[in-house]
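Trainee: Let me begin by handing over the structure; questions about it come next.
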Amino acid sequence: MLSVAARDTCDLRFVSELMSKALMEDSNLEVDWLYYASRLDRVDERCYCLQRALDINPNNDWTRREIARLS
């Protein structure tokens with residue numbers, strides 16, 4: 001799981017490359033999208049990642065609230 005590998009390193013460029021790879025592979029792991037959203041500064045990009053996570057797990061109330069908070 002890319003998010004676990006990313007969590008275990010302090011090399012932010014490596015983390016960014018891993019997460020970009022996951023997104024290019026169209027990850028279907030909710031945790032990948034949530035982690036990537038947490039690393040982004042732009043609200044529109046964060047919302048996109050959060051929405052992808054919500055599409056994977058529509059029962060995640062935290063993600064739903066976070067999207068509403070950012071919108």
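Trainee: Since Ile56 meets every condition but one in (1) at pLDDT 95 or above; (2) within 19 Å of Phe14 (Cβ to Cβ), which condition does it not meet?
Mentor: So the condition that Ile56 fails would be (2).
Trainee: Which one is surrounded by the most Cβ atoms within 10 Å (Cβ to Cβ) among residues in the range 40-71 that are of a type outside the set (S, T, N, Q) and outside any helix (DSSP H, G or I)?
Mentor: Only one residue tops the list, namely Leu40.
Trainee: Would it be correct to say that Ala37 is buried (at least 20 other Cβ atoms within 10 Å of the Cβ) and not in a loop (DSSP other than H, G, I, E, B)?
Mentor: Yes, satisfied.
Trainee: Pairs only if they're at least six apart or on different chains, beta carbon under 9 angstrom, first in the range 56-69 and over 14 Å from Ala37 (Cα atoms) and touching a residue at least 12 places away in the same chain (Cβ under 8 Å), second surrounded by 10 or more Cβ atoms within 10 Å (Cβ to Cβ) and among the acidic types (Asp, Glu); list them, first residue then second.
Mentor: Close Cβ pairs (under 9 Å, with a partner that is surrounded by 10 or more Cβ atoms within 10 Å (Cβ to Cβ) and among the acidic types (Asp, Glu)) amount to Ile56/Glu30; Asn57/Glu30; Asn60/Glu30.
The values are calculated or read from the model by the stated rules, or taken from the named source; none is laboratory data. Just so you know, these numbers come straight off a predicted model, no measurement behind them. Positions of Cβ are backbone-derived with ideal geometry, glycine not excepted, and every protein chain shown enters the neighbour counts.
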